[in-house]
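J.: Got a structure for you, questions after.
The values are calculated or read from the model by the stated rules, or taken from the named source; none is laboratory data. Given the structure is predicted, the values throughout are model-derived calculations rather than measurements. Cβ sites come from the backbone with ideal geometry, for glycine too, and all protein chains shown count toward neighbours.
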Amino acid sequence: MLCDICHKNIATVHLTEIINDKVVEMHICQNCTKIKTQELKDNLTIPELLTGLMDTAETPKKEISLKCPFCGLTYADFKKKARLGCGRCYSVFKVQILPLLKKIHGSLTYAGKSAVRAQKDSLPGSVKELKTRLERAIKLEEYEEAARLRDELKKLEQKETK
């Protein structure tokens, strides 16, 4: 299948876009994909992206005249710049910002870092956990790992007694 843009090269990228319940398919070669990607990067800025997300909801007249009493930023200015003026703007524009944050992040609550990464970055947290891992290593006859865990367990127990 030839590229829908240049009609010369074989299409390697296949895009499917749904706009107003209408499916539009595009088949693009690698060269045209690079060109289109660069055009998008050059033309799309973060404020424009956020403005597009904010414009999906209707803005009542009351919100347009909303203004931060501390820094003077208006809601209209926030929509243009996609930046708040001060820390207190979060409270002033809370009603308008929360739906936007939910659209961007998918949630309004912070769950923290993943537990898997935290375990890799830090030493094992408890003596009980180390003992369990030590027993498993002995059962599997992984003696080098068992020795390492034994030494780690001793260090941890010494720290706890101090």
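J.: Report yes if residue 47 is part of a helix (DSSP H, G or I) and modelled with pLDDT under 80, otherwise no.
T.: In short, yes.
J.: If you scan the stretch 8-22, which residues turn out to be within 13 Å of residue 33 (Cα to Cα) and not in a strand (DSSP E or B)?
T.: Matches in the stretch 8-22: 9, 11, 12.
J.: Contact list please: Cβ distance under 6 Å, first residue in the stretch 144-162 and part of a helix (DSSP H, G or I), second residue acidic (Asp, Glu) and at pLDDT 85 or above, pairs at least six apart or on different chains.
T.: Hits for this filter: zero, empty list.
J.: As an exercise: evaluate residue 112 against (1) surrounded by 14 or more Cβ atoms within 10 Å (Cβ to Cβ); (2) modelled with pLDDT of 60 or more and give the number of the one condition it does not meet.
T.: Evaluating residue 112 over (1) surrounded by 14 or more Cβ atoms within 10 Å (Cβ to Cβ); (2) modelled with pLDDT of 60 or more leaves (1) as the failure.
J.: When residue 88 is evaluated against the numbered criteria (1) of a type outside the set (A, V, I, L, M, F, W, C); (2) within 27 Å of the chain's Cα centre (by Cα); (3) modelled with pLDDT under 90; (4) surrounded by 10 or more Cβ atoms within 10 Å (Cβ to Cβ), which criterion, by number, is the only one it fails?
T.: Every condition holds for residue 88 apart from (3).
J.: Now a separate question. Within the stretch 69-84, take every residue that is surrounded by fewer than 18 Cβ atoms within 10 Å (Cβ to Cβ) and assigned to a loop (DSSP other than H, G, I, E, B) and give me the one that is modelled with the lowest pLDDT.
T.: 82
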